[in-house]
């Protein structure tokens, strides 16, 4: 939704189906409904398939320790004000955060698993 709102108007209706509505410039709309698992989805019909990368799928590509380090990196990134990934890496490489256990690799893995901040 963060990227969608940059191109289209997005409204949220919690009283009528708990859904997001994307209003396209041509007048059409896309309705993202909430699944029983809490995720929002767009029904795109029988002929198409939509794939969503889930954190669990990405997490399975890494060791337990790598995931733990990535989680620490993301938590630290939030704590220090959510700098961009590039700025966060530059801070780590310049040793601006003394005794910091986070490495560039941890930050890159966090970006892959959790997406951009």
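Results, tabulated for the structure shown:
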{"item": "Residues located in the range 60-80, provided they are part of a helix (DSSP H, G or I), within 18 Å of the chain's Cα centre (by Cα) and in contact (Cβ under 8 Å) with a residue 12 or more places away in the chain", "result": "67, 69, 70, 71, 72, 73, 74, 76, 77, 78"}
{"item": "Which listed residue is modelled with pLDDT of 85 or more, more than 20 Å from the chain's Cα centre (by Cα) and surrounded by fewer than 10 Cβ atoms within 10 Å (Cβ to Cβ), from 95, 90, 16", "result": "95"}
{"item": "Verdict on residue 10 being farther than 21 Å from residue 117 by Cα, touching a strand residue (DSSP E or B) at 6+ places or on another chain (Cβ under 6 Å) and either surrounded by 14 or more Cβ atoms within 10 Å (Cβ to Cβ) or at pLDDT 95 or above (or both)", "result": "no"}
{"item": "Residue check, residue 88 out of contact with any helix residue (DSSP H, G or I) (no Cβ under 6 Å at 6 or more places or on another chain) and either at negative phi or in contact (Cβ under 8 Å) with a residue 60 or more places away in the chain (or both)", "result": "no"}
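The values are calculated or read from the model by the stated rules, or taken from the named source; none is laboratory data. Since the structure is predicted, the reported quantities are computational estimates derived from the model, not experimental observations. Note that each Cβ is placed from the backbone with ideal geometry, even for glycine, and that neighbours are counted across all protein chains shown.
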